[in-house]
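Participant: One structure is given below, represented as structure tokens, and several questions about it will come after.
The values are calculated or read from the model by the stated rules, or taken from the named source; none is laboratory data. Note that this is a predicted model, so its numbers are computed, not measured. Cβ sites come from the backbone with ideal geometry, for glycine too, and all protein chains shown count toward neighbours. What goes into the accessible areas is simple: the full protein's heavy atoms, side chains included, and nothing from ligands, DNA or RNA. Shrake-Rupley method; radii C 1.70, N 1.55, O 1.52, S 1.80 Å.
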Amino acid sequence: MASSLSTKYFLGAPDGSARLGSLQSPHMLPSPSLRLPARPSQSRRLEIQAAGSTYGTYFRVTTFGESHGGGVGCVIDGCPPRLPLSEADMQVDLDRRRPGQSRITTPRKETDTCKIASGVADGLTTGSPIKVEVPNTDQRGHDYSEMSLAYRPSHADATYDFKYGVRSVQGGGRSSARETIGRVAAGAVAKKILKQYAGTEILAYVSQAHNVVLPENLVDHETLTLDQIESNIVRCPNPEYAEKMIAAIDAVRVKGDSVGGVVTCIARNVPRGLGSPVFDKLEAELAKAALSLPATKGFEFGSGFAGTFMTGSEHNDEFYMDEHGRIRTKTNRSGGIQGGISNGEIINLRIAFKPTSTISRKQNTVSRDKHDTELIARGRHDPCVVPRAVPMVEAMVALVLVDQLMAQYAQCMLFPINPALQEPLEQHKTEQAQIPL
């Protein structure tokens, strides 16, 4: 008996339609071909898709705007309703990020005053998308006339052209650190949620500027305060090393050059259980978020690369029971994360930033029409990005943690917890006044 199975395949017809044919047994009658209408031809259009401008799953943030456009900002989707929120909550961190705040930052003068355009009514979040806008007021597009013709070495000018075939020349467009205004504004909202719900605090500071490295034992992460960090223009909590860092930045600033550095960030009172194995481990999310910041070149947490020089017996964090009956670790080489999940200890991480690409020294480069040339970049740029990167790092860590907090609540807190093994997410929660209706 002949098999009744046949293999279907598509044939292209001369008229552009698709024909469905079959490979059949020689004993089977041929079936008529099925003709499918051809898709109408569409003219090709040059389009730039805004992929890559959104972060988060439950607490979603999309940033918009360019360095020398009309303004920048963000849209926050997924913010819980009934959270007291005003522009003042965001302005504190935006002021820490803004340009022109000291001689070791870019001299561009922007107030970076934010405005909430939606998502807040009578001082409370409504649960709908929150749009935050910040206008650009001190653009100088003529400073970039040379850069419209030649690529800045180690900048994103060339790769944006390689990818899109078009770019915003003035100020670097989306590759400018001015894009991070939206992140910092959204991060301020995330920090407020974390603080009010779980008592979580996020603090970052400069631990290295060029070749000046702050020894780790000089900063107590248990007692570190924002006032200590903000006590000087380089945002290093140790006054002695702060002066050395400022001197190192000044030395290259007057020569028209730049240097890099490292920002250390800690998160205290982080609920246990944040992060999901295997691809969404907490450290993997933190690394992605941190390395999405402009000028970043490295990420490490806990013992980091130094841990590779230790043995297992030296590196392991031994457990003990504290006076409150909680499981703790005697040391914290794990950096507050084990198996991709937060363990309740202080999360600590370090982000390396390269020297600022745009410098006012002559460099060899290539023009957009593919000729060798020289470039002396003009414009106003940071001689070292790390002092202003501090609130940016805090913001990205906050966005990760609030997204993971909401994920943990959605998956693991719908039913009563196992009190023998789990803690409520609001373990360290601060007292909140009840919102009157």
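Participant: Can you spot the lysines whose alpha carbon is less than 22 Å from Lys362's alpha carbon? Ignore those fewer than 8 places along the same chain.
Facilitator: Lys362 reaches Lys255, Lys354, Lys370.
Participant: Under a point-charge model restricted to the Cβ atoms of Lys and Arg (+1) and Asp and Glu (-1), what is the dipole moment magnitude of region 114-247 relative to its Cα centre, in debye to the nearest 20?
Facilitator: 600
Participant: Could you list which residues have their amide H under 5 Å from that of Asp382, counting only those 5 or more apart in sequence or on another chain, with H placed in the peptide plane?
Facilitator: Thr106
Participant: Residue by residue through region 371-378, which ³J(HN,Hα) values in whole Hz follow from phi under the Karplus form 6.51 cos²θ - 1.76 cosθ + 1.60 (θ = phi - 60°), with glycine and proline marked x?
Facilitator: In residue order, the calculated couplings are 10, 5, 7, 10, 9, 10, 6, 9 Hz.
Participant: Here's another thing I want to ask about it. Relative to the present Cα-Cα distance, how much length would full extension add between His371 and Arg333 at 0.36 nm per residue of separation? Could you put the intermediate results ahead of the total?
Facilitator: Values: separation 38, 0.36 × 38 = 13.68 nm, distance 5.09 nm.
Between His371 and Arg333, full extension yields an extra 8.6 nm.
Participant: A follow-up question, please. Just report the Cα centroid separation between region 403-425 and region 279-294, whole Å.
Facilitator: Rounded to whole Å, the Cα centres lie 22 Å apart.
Participant: Can you compute the charge dipole magnitude of region 262-348 about its Cα centre, using +1 on each Lys and Arg Cβ and -1 on each Asp and Glu Cβ, nothing else charged? Give it in debye, rounded to the nearest 20.
Facilitator: Result for region 262-348 is approximately 160 debye, rounded to the nearest 20.
Participant: If I stretch the segment between Phe309 and Leu421 completely, what's the gain in nm (0.36 nm per residue apart, minus their alpha carbon distance), one decimal?
Facilitator: Numbers: separation 112, 0.36 × 112 = 40.32 nm, distance 3.34 nm.
Length gained, Phe309 through Leu421: 37.0 nm.
Participant: Taking 0.36 nm per residue of sequence separation and subtracting the Cα-Cα distance, how much length would be gained by fully extending the chain between Ile346 and Leu226, in nm to one decimal?
Facilitator: Separation in residues times 0.36 nm, less the Cα-Cα distance, equals 41.6 nm.
Participant: To continue, here is another question. Tell me the label-point distance for the pair Ala247, Lys163, using the 7 Å Cα-to-Cβ offset, in nm and rounded to one decimal.
Facilitator: About 4.1 nm, to one decimal.
Participant: What's the Kirkwood radius of region 314-437 in Å, using all Cα pairs?
Facilitator: That comes to 19.9 Å for region 314-437.
Participant: Amide H to amide H under 5 Å from Gly199: which residues, 5+ apart in sequence or cross-chain, H placed 1.01 Å off N in plane?
Facilitator: Counting only residues 5 or more places away or on other chains, the set is Thr430.
Participant: For region 231-352, report the accessible area per residue in Å² (1.4 Å probe, heavy atoms, rounded to an integer).
Facilitator: Accessible area per residue: 47 Å².
Participant: Where in region 256-282 does the label zone of Thr57 land, with the point 7 angstrom along Cα→C-beta and an amide N cut-off under 15 Å?
Facilitator: 273-282
Participant: Based only on Cα atoms, what Rg/Rh ratio does region 88-136 have, Rh being taken as Kirkwood's radius?
Facilitator: Rounded to two decimals, Rg over Rh is 1.10.
Participant: Using a 7 Å offset from the Cα along the Cα-to-Cβ direction at both Arg380 and Ile233, what is the distance between the two label points in nm, to one decimal?
Facilitator: So the label points at Arg380 and Ile233 sit 1.4 nm apart.
Participant: Pull out a ≥ b ≥ c, the square roots of the eigenvalues of the alpha-carbon gyration tensor of region 64-219, then state rounded if a/c is under 1.5, prolate if not and a/b is larger than b/c, and oblate in the remaining case.
Facilitator: Since a/c reaches 1.5 but b/c is at least a/b, the shape of region 64-219 is classed as oblate.
Participant: Taking the Cα-to-Cβ direction at Leu218 and at Arg326 and moving 7 Å from each Cα, how far apart do the two end points lie in nm?
Facilitator: It is 3.0 nm.
Participant: Between Ala88 and Ala410, what FRET efficiency comes out of the Förster formula 1/(1 + (r/R0)^6) with R0 = 30 Å and r the beta carbon distance, rounded to 0.05?
Facilitator: Calculated value: 0.50.
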